[in-house]
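Heads up: the structure comes next, in structure tokens.
The values are calculated or read from the model by the stated rules, or taken from the named source; none is laboratory data. A quick note: this is a predicted structure, and the numbers were derived from the prediction, not measured. Every residue, glycine among them, receives a Cβ derived from its backbone with ideal geometry; neighbour counts consider all protein chains shown. We work out accessible area using only protein heavy atoms, side chains counted, and drop any ligands, DNA or RNA first. Shrake-Rupley method; radii C 1.70, N 1.55, O 1.52, S 1.80 Å.
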Amino acid sequence: LNGTCFLALQRVECHAACFEPGTFYGAHKDTFRGHAGRVISYCYYLNDLWVAGAGGCLRLHGTPAIDVAPVLDRLVVFRSADQRHEVMPTLARRLSLTGWLSRAPVLR
């Protein structure tokens, strides 16, 4: 991304996420007020044999909203500051690797 999009990315953050049945994550953006370090967000799904009725989609808010099912080997990438998103309630255990590509923090 640095070579083609000139984003000046310097750091990778990653965490493993496990959503148990009945859980969700409310709508948000992946940046913090006054901190523009996070540039790119990503989700990589680890769910073998996911079925549509299990819910757990990543909802990307927009016109229209897009629901992305968390199926095995799917990678979703979006701009951290621009894309409001949420994890819809899940009826099955939902696994992913989620993280951010960031710039160095701005010193003030």
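Assorted remarks:
- One residue from Val87, Val77 being among the β-branched types (Val, Ile, Thr), touching a residue at least 12 places away in the same chain (Cβ under 8 Å) and open to solvent by 40 Å² or more (accessible area, probe 1.4 Å): Val77
- Failed item in (1) open to solvent by 50 Å² or more (accessible area, probe 1.4 Å); (2) out of contact with any Leu (no Cβ under 9 Å at 6 or more places or on another chain), with Asp30 passing the rest: (1)
- The combined condition, being more than 12 Å from the chain's Cα centre (by Cα), at pLDDT 95 or above and among the aromatic types (Phe, Trp, Tyr), is not fulfilled by Phe32.
- Output for the range 33-46, where each listed residue is open to solvent by 90 Å² or more (accessible area, probe 1.4 Å) and among the polar types (S, T, N, Q): none
- Elements of type strands (runs of 3 or more DSSP E) in the range 19-108, at least 1 residues being of a type in the set (S, T, N, Q): 38-45, 94-102
- Residues in the range 47-69 include none that are open to solvent by 30 Å² or more (accessible area, probe 1.4 Å), at pLDDT 95 or above, under 9 Å from the mean Cα position of the chain (by Cα) and closer than 22 Å to Cys14 by Cβ.
- Residue tally, condition open to solvent by 50 Å² or more (accessible area, probe 1.4 Å) and modelled with pLDDT under 95, over the range 90-103: 1
- When the criteria are applied in full, Ala8 meets the requirement of being in contact with a helix residue (DSSP H, G or I) (Cβ under 8 Å, 6 or more places away or on another chain) and either open to solvent by 50 Å² or more (accessible area, probe 1.4 Å) or part of a strand (DSSP E or B) (or both).
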